[in-house]
Amino acid sequence: MSDTATLTHEYAERVLDVAVVADPELALLYPADTPSAVPPIRPDRVRLTYTSRNGAQWVLDTVECRGPYVITTPALAHYSGLTAAPLLFFPNSPFVASRPMPSWLTELVDTLRVPGQPVTAPGTALRITVIGDRARRTRYFRLGGTGEIPHWFPTDLPVTVSPLRPDRLSLAYLSEGGAAWQLDAAEFRGPYVATGVEPGPHQNEGHQPYYPRSASSLEDAPDWVLGLLRSHASAAALPQYQPH
């Protein structure tokens with residue numbers, strides 16, 4: 001049976017959706033170099049995407065500003081009532097100077113650079129409300145042992161189909177609002193190998209997914225698979241941000 005699962009790497013992504021209101025209104029954003037061709041945007045939503053690699057703390061990756069077009073000339077009236085495509089900023093990019101953020105957005109980013117912290121308005125004119133906070137984390141393992149997963153195939157096939165002997169495993173976890181990580185999906189990968197036989201070169205490979213939150217998905221899972229999923233039903237929290 002498979003008795004070891006060694007973590008090789010992992011990746012996580014977290015998305016915060018934020019509603020922004022200001023008085024006076026926020027400065028317009030211009031999605032094109034030629035304002036006469038595309039009208040500006042009045043931002044009312046900001047989406048911040050954070051990433052984590054190999055269990056490290058969250059790092060802010062991208063900032064998207066969303067909102068309706070503001071018609072500034074009759075020639076652009078056909079944009080009336082439309083919501084603009086997201087306008088992206090990359091606050092940690094070495095090329096950030098090529099598209100600088102407006103001052104209000106810089107203040108918002110500084111306030112939310114650490115996801116999950118209490119939100120306080122960066123200024124009296126700007127009000128921030130987090131309306132969505134969701135994250136997905138995938139951990140990748142190398143499996144050891146000889147555990148097998150039988151596969152269902154039509155009984156009239158002219159050949160005997162070997163079971164799957166997985167040697168790789170990925171586990172996907174979900175989190176809402178910064179809650180503890182909960183296992184959502186698992187995928188076992190490896191060669192099809194006859195019982196008692198060592199896999200050879202250029203072996204045919206396959207995969208078997210499981211969805212632990214669905215009882216029907218686990219009905220035919222071998223005991224060793226169920227035990228492995230139980231032992232990895234949650235994942236440790238990512239480390240807290242440490243200011244430099």
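Side notes on the structure shown:
- Checking Asp184, Asp220 one by one, the residue that is acidic (Asp, Glu) and either open to solvent by less than 40 Å² (accessible area, probe 1.4 Å) or in a helix (DSSP H, G or I) (or both) is Asp184 and no other.
- In the range 43-135, counting only strands (runs of 3 or more DSSP E) that sit wholly within it, the ones holding 3 or more residues that are open to solvent by less than 30 Å² (accessible area, probe 1.4 Å) and touching a strand residue (DSSP E or B) at 6+ places or on another chain (Cβ under 8 Å) span 45-53, 59-66.
- Residues of the range 187-203 classified as more than 13 Å from Pro163 (Cβ to Cβ) and assigned to a loop (DSSP other than H, G, I, E, B), total: 4
- Boolean, Leu126 is in contact (Cβ under 8 Å) with a residue 60 or more places away in the chain and aliphatic (A, V, I, L, M): yes
- When we screen Gly206, Gly227 for residues that are in a strand (DSSP E or B), open to solvent by less than 90 Å² (accessible area, probe 1.4 Å) and not charged (D, E, K, R), the only hit is Gly206.
- Residue within the range 109-117 that is in contact with a Ser or Thr (Cβ under 9 Å, 6 or more places away or on another chain) and not hydroxyl-bearing (Ser, Thr, Tyr) present: yes
The values are calculated or read from the model by the stated rules, or taken from the named source; none is laboratory data. Quick caveat, the model's predicted, so the values are computed rather than measured. Because the Cβ atoms are built from the backbone with ideal geometry, glycine has one as well, and the counts that use them run over all protein chains shown. Quick note on the areas: whole protein, heavy atoms, side chains included, nothing else; ligands and nucleic acids left out. Shrake-Rupley method; radii C 1.70, N 1.55, O 1.52, S 1.80 Å.
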